[in-house]
Ligand code: SF4
Ligand code: SF4
C-alpha cells in the first residue's frame, strides 16, 4: 500500500482534498499519489473547460498566466533535459527583467513550455505546476503543498545566488514579485531547506519533517 493516500474530506468546516501520510513517505510518494487528481472528475475543478473535469486539453489553461519559479530539483532536471548550462537555460527560457531583480521566472503568457496546449516538459515540470489544481483543498493539505513548493523555489533562489546566476539590480517590482522576494527571504533560513539543496531526486526528500513543520 502506498505511503500517501489522497481522499476527499466532507467535513463542512474543513472540506476538500486531504492527505493521509505514512511515516516513511517521500516527496515522490506524494507526487505519485497527487498526479491522478489532474484527471479526476469526482472532486470538481472550478475552471475546467472540459465536461470530464480533466486538466488534459483544458482551454482555461492555468499555464497561460502562471508565475512559475521552478524548485531546485526541477531546475536541474530541466537543464539536463535541454542539455544546456544553467546560464543558457536562464538566458533562453526565463524572463530577463525578473532575473535582473533577483527572480527566476519562466517566460509567461503563455508559459514558454506550453506547446499546442500541452506542457512539453510534463514529466519534469516543477512542484508548483504539479501541485496546482483548481479544486478545493483541505486547509492542512494546502498548507503542506504551499510549504513544500515554497522551500523548493527558495532552494533554486539560494542555489542561483551561490552560482552567481542572479543579477539583483534595482528595478520595477510588481506586487507578485514582492511576494516571492519576501517568501525567499523568509524561507532561506528554514531548517528543512537543506533537503532541497542536497537532493537530486524527489525520492530523497522525506515527507514527514515537512508535515510536522507545516503544522507549526
Ligand atoms: S488546474 Fe488548470 S488545467 Fe486543470 S482544470 Fe484547472 S485551470 Fe484547467
Ligand atoms: S512548465 Fe508546463 S505545467 Fe508548468 S506552467 Fe509551463 S506548460 Fe504549464
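The values are calculated or read from the model by the stated rules, or taken from the named source; none is laboratory data. Note that the structure is predicted; figures quoted are calculated from it, not measured. Using ideal geometry, Cβ is built from the backbone for each residue, glycine included, and neighbour counts are taken over all protein chains shown.
Mind checking which residues of segment 185-210 are assigned to a helix (DSSP H, G or I) and either in contact with a strand residue (DSSP E or B) (Cβ under 9 Å, 6 or more places away or on another chain) or more than 30 Å from residue 24 (Cβ to Cβ) (or both)?
Within segment 185-210, the first condition is being assigned to a helix (DSSP H, G or I), and the residues that meet it are 185-187, 193-198, 202-204, 208-210.
Selection gives 185, 195, 202, 203, 204, 208.
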Note on segment 1-46: residues farther than 28 Å from residue 200 by Cα and under 19 Å from the mean Cα position of the chain (by Cα) are 17, 45
Those residues of segment 50-64 which are more than 15 Å from ligand 2 (Cβ to nearest atom) and at pLDDT 85 or above amount to 53
Here the residues within segment 77-98 that are farther than 13 Å from residue 173 by Cβ, touching a residue at least 40 places away in the same chain (Cβ under 8 Å) and crowded, with 19+ Cβ neighbours inside 10 Å are 77, 78, 90
Selection over segment 14-25 where residues are over 22 Å from residue 73 (Cβ atoms) and either crowded, with 18+ Cβ neighbours inside 10 Å or without any contact (Cβ under 8 Å) to a residue 40 or more places away in the chain (or both) yields a count of 3
Of the listed residues (148, 128, 101, 124), the one being surrounded by fewer than 20 Cβ atoms within 10 Å (Cβ to Cβ) and either more than 8 Å from ligand 2 (Cβ to nearest atom) or modelled with pLDDT of 95 or more (or both) is 124
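Of 61, 11, 50, 28, which residue is surrounded by fewer than 12 Cβ atoms within 10 Å (Cβ to Cβ) and at negative phi? Outline the logic, then answer.
On the way: 61 fails: surrounded by fewer than 12 Cβ atoms within 10 Å (Cβ to Cβ); 50 fails: surrounded by fewer than 12 Cβ atoms within 10 Å (Cβ to Cβ); 28 fails: surrounded by fewer than 12 Cβ atoms within 10 Å (Cβ to Cβ).
Matching residue, one of 61, 11, 50, 28: 11.
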Taking segment 127-156 and keeping only residues that are in a helix (DSSP H, G or I) and over 9 Å from the mean Cα position of the chain (by Cα), one is left with 139, 140, 141, 142, 143, 144, 147, 151, 154, 155, 156
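For segment 65-83, give me each residue that is over 16 Å from residue 159 (Cβ atoms) and either within 16 Å of ligand 2 (Cβ to nearest atom) or at pLDDT below 95 (or both). Walk me through how you get there before you give the answer.
Of the residues in segment 65-83, the ones over 16 Å from residue 159 (Cβ atoms) are 65-68, 81-83.
If the condition is that a residue be over 16 Å from residue 159 (Cβ atoms) and either within 16 Å of ligand 2 (Cβ to nearest atom) or at pLDDT below 95 (or both), then 65, 66, 67, 68, 81, 82 are the ones that fit.
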Of those in segment 107-121 that are touching a residue at least 40 places away in the same chain (Cβ under 8 Å), in contact with a helix residue (DSSP H, G or I) (Cβ under 6 Å, 6 or more places away or on another chain) and part of a loop (DSSP other than H, G, I, E, B), the residue surrounded by the most Cβ atoms within 10 Å (Cβ to Cβ) is 111
